[in-house]
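S.K.: Supplied in structure tokens, the structure appears directly below.
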Amino acid sequence: RCEMKKFFLIILVSLIFVGCEKDEVSDPIFPPEMPTNVVLKLDSTFDSISPRLVLQWTDSSDNEDGFILWRGNKKLGWMYIQTIPKNTDIFVESTDDLNVSGRISYLIEAYNEVGRSETVGSNEIDF
């Protein structure tokens, strides 16, 4: 009777682990690392008529679902811009559509299903 229980236990354990290959088992997920080397530039090489704001960063995480961007400054406050896909490291925005003057910068953070990274600010530029 004891041998029969061991047999069924072995069968049960085998059924549980069937199909569980290494690539199917994922590591625990943690909030993503914050982006680094965040730099904002005013670039007129894209279009000679209207310059573009170019925000670039280093994607320091391999588990983000995307990035959240805000634009603004300490005086005016921050406005949500958009959420962009994972593995992105550049955001370009036309200055034609902006209703802002003075100093401007961006905030960026990575996010996933567990949480968000620390928020990182870009340098400020005069606009």
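S.K.: Is there a residue being touching a residue at least 40 places away in the same chain (Cβ under 8 Å), among the basic types (Lys, Arg) and within 14 Å of Met34 (Cα to Cα) anywhere in the stretch 47-56?
M.R.: No: zero hits.
S.K.: Consider Ile104 carefully, then state whether it is part of a strand (DSSP E or B) and at pLDDT below 95. Before the answer, list the steps.
M.R.: Working: part of a strand (DSSP E or B): yes; at pLDDT below 95: yes.
In short, yes.
S.K.: Modelled with pLDDT under 90, crowded, with 17+ Cβ neighbours inside 10 Å and farther than 15 Å from Glu118 by Cβ: does that describe Pro51? I'd like the intermediate steps shown before the answer.
M.R.: Values: modelled with pLDDT under 90: yes; crowded, with 17+ Cβ neighbours inside 10 Å: yes; farther than 15 Å from Glu118 by Cβ: yes.
Against the criterion (modelled with pLDDT under 90, crowded, with 17+ Cβ neighbours inside 10 Å and farther than 15 Å from Glu118 by Cβ), Pro51 qualifies.
The values are calculated or read from the model by the stated rules, or taken from the named source; none is laboratory data. From a predicted model like this one, the values you see are computed outputs, not experimental measurements. With ideal geometry, Cβ positions are generated from the backbone for all residues, glycine too; neighbour counts draw on all protein chains shown.
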